[in-house]
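Read the figures in this text as sums done on the coordinates, not as results from a lab. Every value quoted in this text rests on a predicted model; they were computed, and no experiment measured them. All Cβ positions, glycine included, derive from the backbone under ideal geometry; neighbour counts span all protein chains shown.
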Amino acid sequence: MTQRLLVFLLIIISFATIGAAKPTDNVMAAKVVWTGDKTRPQVALTFDDGPKPEYSIPILNILDQFGVKATFFVIGREARWHPDLIYRIVDSGHDIANHTYSHYRLDSLSRKQIDEEFAATNDIIKSVTGKTPIYARPPGGRFNRVVLEEAYKYGLTIIGWSVNAGDYTTTSKYFRDTKKAEEIVSRIVGSCHDGDIILMHNGGGPTAQALPQIIMSLRKKGFELVTISELLKKNPPNIFAAKKN
Ligand SMILES: [Zn+2]
């Protein structure tokens, strides 16, 4: 009996220690999510690199038209010029999240620079919406230990993706390219599973062209399209194992 009590106490102590760990002691305290619940027919559309009016407005219009809520990972440098779009994203019921200020690869920056990248974007979003973001996506999905520690400091859960739309291009001729749009649709619809987080963009590429068909096809397959916060509601991110460190 005493032995069982001892084991019980040890378990409690170890949980308390984990809970109290500072990010520098235990980097895994930072949360990294690559997918939602794989047993629920929910998927999340996520749009990176905005807000850019020529791409973001058509996408926001389509989402409104279909009654879909999504997640926008915005770049601070762009957000600064388009507070109206930041406001619209939140006012429409979408999640807004931090995609850094300058869109540099964070694993090539110093701690101070990484800190500024997260802080400046959080400040811009908060100044327009009154809310501080709780999610971030490092450009290119690239991060290291320092990035995780800085994200933890700002209470930001890192959100990766499990399906890549491959929709981004800097070649403007693809903006209205129907063939490219069809490729994006079949890439997403063909590989989508329960709990997937779908990486898309609103900063280049024929995403808006593909979006109505993506929404209709995913719904036809029985998926509910939700925000990241909705996707993770029943499964807090700390239950998911970090894929990288
Ligand atoms: Zn990006």
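Structure data summary
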quantity: Likely footprinting exposure, Lys69, Lys220, Lys233, Lys31, fewest C-beta neighbours within 10 Å first; calculated: Lys220, Lys233, Lys69, Lys31
quantity: Relative exposure of Ser217, Ser186, judged by other C-beta atoms within 10 Å (fewest first); calculated: Ser186, Ser217
quantity: Estimated distance in nm for a label pair at Asp123 and Arg145, the labels positioned 7 Å out from Cα along Cα-to-Cβ; calculated: 2.9
quantity: Estimated inter-spin distance, Lys131 and Arg105, nm [label 7 Å along Cα→Cβ]; calculated: 3.3
quantity: Projected area averaged over orientations for region 31-239, convex hull of C-alpha atoms, nm²; calculated: 10.6
quantity: Cα-based shape type of region 26-94, given that a ≥ b ≥ c are square roots of the gyration tensor eigenvalues and the cut on a/c is 1.5; calculated: oblate
quantity: His193 versus Ser229: modelled label distance in nm, points set 7 Å from Cα along the beta carbon direction; calculated: 2.9
quantity: Relative contact order for region 31-239, counting Cα pairs under 8 Å that sit 6 or more residues apart, in percent; calculated: 34
quantity: Hydrodynamic radius (Kirkwood) for region 71-158, which is based on Cα pairs only, to one decimal in Å; calculated: 12.6
quantity: Cβ-derived FRET efficiency at R0 41 Å, Lys179 paired with Gln113, nearest 0.05; calculated: 0.55
quantity: Dipole magnitude (debye, nearest 20) for region 31-239, charges at Cβ of Lys, Arg, Asp, Glu; calculated: 260
quantity: Bins of 5 Å from zero: percent of alpha-carbon pairs in region 79-119; calculated: 6, 21, 24, 18, 14, 12, 5, 0
quantity: For Thr35, Thr100, order by how many other beta-carbon atoms lie within 10 Å, fewest first; calculated: Thr35, Thr100
quantity: 24 Å Cα-Cα threshold exceeded, pairs from Lys153/Lys233; Lys180/Lys220; Lys131/Lys220; calculated: Lys131/Lys220
quantity: Relative contact order (%) - region 97-200, alpha-carbon pairs under 8 angstrom, separation at least six; calculated: 26
